[in-house]
1. In straight Cα distance, which aspartates and glutamates are under 15 Å from residue 100, not counting same-chain residues fewer than 8 positions off?
2. Would you work out the relative contact order for segment 45-108, in percent, from Cα pairs under 8 angstrom that are 6 or more residues apart?
3. May I ask you to list the residues of segment 30-68 whose amide nitrogen lies under 19 Å from a point 7 Å from Cα along the Cα→beta-carbon direction of residue 1?
4. Pairing the Cα long axis of helix 3-24 with the longest principal axis of the chain, what angle in degrees results, from 0 to 90 and rounded to the nearest 10?
5. So which chymotrypsin sites (Phe, Trp or Tyr not before Pro) in segment 39-104 are both in a DSSP loop and have at most 14 other Cβ atoms within 10 Å of their Cβ?
6. Using only the Cα atoms of the chain, what do you get for the radius of gyration and for Dmax, in Å?
7. Give the residue list of trypsin sites (Lys or Arg not before Pro) in segment 49-83 that are DSSP loop and have at most 15 other beta-carbon atoms within 10 angstrom.
8. Roughly what angle does helix 27-48 make with the longest principal axis of the chain, taking Cα atoms, 0 to 90 degrees, to the nearest 10?
Amino acid sequence: MSHHPAYTMAGLCAVGGAIGYAKGRSIPSLVAGAGIGAVYWIAGERIRENKAYGHELAFAASSLLLLAMGPKAVRTGGRAPVPLAMSLLGSGSAAYYGKKVYEYKYGV
């Protein structure tokens, strides 16, 4: 079941990148949204198929999303809804997948 959040985050990142492109013609937003979304999708597939490093890959994508969008959300003072939403989703997803990695590593 932990592959569902990865698929959801993949879709949200792709939509967020598309919104960034539509609002400001930002090619980096489009590429980053599609790229991070693809990493989430691959992580979801690995988790669903019970292959190695699925949760770690989702954690890495979450951390990257948070590191990319967090400073922009802070710089805009939280007034820009997409960076704020994506940084909050990235932090929540990083916490979730970080917990999953910890559980698998230590058997908790």
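1. 56
2. Relative contact order of segment 45-108: 36 percent.
3. Within reach of a label on residue 1, which here means backbone N under 19 Å from a point 7 Å along Cα→Cβ, segment 30-68 contributes 44-51, 55.
4. The helix 3-24 is inclined about 10 degrees to the chain.
5. Qualifying residues, ordered by number: 53.
6. When restricted to Cα atoms, the chain yields Rg and Dmax of 13.9, 46 Å.
7. Loop-located and lightly packed - 51, 79.
8. That works out to roughly 20 degrees.
The values are calculated or read from the model by the stated rules, or taken from the named source; none is laboratory data. Predicted, not measured: the structure shown is a model, and the values here were computed from it. No Cβ is skipped: glycine too gets one built from the backbone with ideal geometry, and neighbour counts run over all protein chains shown. These accessible areas exclude ligands, DNA and RNA; they are computed on the full protein's heavy atoms, side chains included. Shrake-Rupley method; radii C 1.70, N 1.55, O 1.52, S 1.80 Å.
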